[in-house]
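Some notes on the structure that comes next.
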Amino acid sequence: NPLACAAGLAVAQYLSDHDILENVKERGAQLSAGLGKLAEKYPSILADTRGWGLIKGIRIHDDAGVTAGELVGDVMAEGLLLVAAGPSVVRFVPPLIVSEKEIDQALEIFEGVLAKRV
C-alpha cells in the first residue's frame, strides 16, 4: 500500500529530523531520577523503580495502605494520566515528545498525591 508506506516514511523522517530518540533517553533518565528521589522521600509507600526508556514503573509496598489503582485515581483527579500495572505498580507512559517541564509537572503531581497519603 503506497499510502501506508509514505506515512511510515514520513513518521520515520520526523523521528530522525527531530532527534526524538535523544529526547526519550534524556526524559527517561529524568523520570528515573525523579522517581528514585520520591522513593527515598516516601519509603513507607514507594519501593523500587523499573522500566526502560520512557516506560517506567514504581512499586508500591504491600503494606503501604494504598494500592496502585488508588494512587492512579488520585493523580487522575489532579489531571495526570498514569496506569496501574496490577495492585502494586504505578506505570508512567508519557509520549515520546514529552518535555522536561512536563516530566517535572508529572513528578510534582505524583508527589502531591503521595504527600496526602502519608
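The values are calculated or read from the model by the stated rules, or taken from the named source; none is laboratory data. Everything quoted here is computed from the prediction, not taken from an experiment. A quick note on method: Cβ atoms are made from the backbone with ideal geometry, for glycine too, and the neighbour counts reach across all protein chains shown. Accessible surface is based on the protein model in full, side chains and every heavy atom, while ligands, DNA and RNA are left aside. Shrake-Rupley method; radii C 1.70, N 1.55, O 1.52, S 1.80 Å.
Some notes on this structure:
- Scanning region 1-41 for residues that are open to solvent by 100 Å² or more (accessible area, probe 1.4 Å) and in contact with a helix residue (DSSP H, G or I) (Cβ under 9 Å, 6 or more places away or on another chain) yields Y14, L21, K37, K41.
- Each residue in region 1-53 was checked for being basic (K, R), in contact (Cβ under 8 Å) with a residue 60 or more places away in the chain and farther than 21 Å from A85 by Cβ, and 1 pass.
- Odd one out for G79 among (1) open to solvent by 80 Å² or more (accessible area, probe 1.4 Å); (2) under 14 Å from F110 (Cβ atoms): (1)
- Applying the criterion of being closer than 12 Å to V66 by Cβ and not β-branched (V, I, T) to the residues of region 104-118, the residue that is least open to solvent (accessible area, probe 1.4 Å) is L114.
- Positions within region 84-103 being in contact (Cβ under 8 Å) with a residue 40 or more places away in the chain and open to solvent by less than 40 Å² (accessible area, probe 1.4 Å), in sequence order: F92, P94, V98, I103
- Meeting the requirement of 3 or more residues that are of a type in the set (A, V, I, L, M), the strands (runs of 3 or more DSSP E) wholly within region 1-117 are 55-60.
Yes/no matrix, rows are residues, columns are (1) at pLDDT 95 or above; (2) not aliphatic (A, V, I, L, M):
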position	(1), (2)
A4	yes, no
S16	no, yes
L21	no, no
Q30	yes, yes
L38	yes, no
A47	yes, no
W52	no, yes
A77	yes, no
V98	yes, no
